[in-house]
1. Keeping all protein chains in place, calculate the accessible area per residue for region 32-96 (probe 1.4 angstrom), answer in Å².
2. If we count every other residue with Cβ under 13 angstrom of LEU73's Cβ, Lys/Arg +1 and Asp/Glu -1, where does the sum land?
3. Quick check on region 27-96: take the gyration tensor over C-alpha atoms, sort the square-rooted eigenvalues as a ≥ b ≥ c, and tell me if it's rounded (a/c under 1.5), prolate or oblate.
4. Please give the net charge around TRP63, taking every other residue with its beta carbon less than 13 angstrom from that of TRP63, where Lys and Arg add +1 and Asp and Glu add -1.
Amino acid sequence: MDAPTARQRLGGRRSGLAAAGRPEHIELLDGALIFNTSPQRSWHDRVIRRLTAALEAAAPAGWTVAAQMTVKLDRRSRPEPDVIAAAVPYDADLVR
């Protein structure tokens, strides 16, 4: 059996964490868990959506644009940027 994830140890699914007064956004940076308890405003979501759409329209063939996806840099670092564009093919099986 796999070990529970940080999210599971903190009490459940992503949507349930904020309701329980716990951090909704967790990242792994250089082996340390980073908890973000700051709420995101609607303008932040709007900027992310518009930037993602603009990058998708401008990205060369073979590039992938993603919003709020965890990026595995190494075994100790998995940041979650707001938007990322990378020269990798699209993978429909990626999980958030």
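The values are calculated or read from the model by the stated rules, or taken from the named source; none is laboratory data. All of these numbers come straight from a predicted model, not from anything done at the bench. Methodologically, a virtual Cβ is constructed for each residue, glycine included, from the backbone with ideal geometry; neighbour enumeration extends over all protein chains shown. Accessible surface areas use protein heavy atoms only, side chains included; no ligands, DNA or RNA. Shrake-Rupley method; radii C 1.70, N 1.55, O 1.52, S 1.80 Å.
1. Working: 5070 Å² over 65 residues.
Ligands and nucleic acids excluded, the figure is 78 Å² per residue.
2. Values: positive: LYS72, ARG75, ARG76, ARG78; negative: GLU27, ASP30, ASP74, GLU80.
Local charge sum for LEU73: 0.
3. On the way: a/c = 2.62, a/b = 1.19, b/c = 2.20.
Note, shape of region 27-96 comes out oblate.
4. On the way: positive: none; negative: GLU56, ASP91.
My count for the surroundings of TRP63 gives -2.
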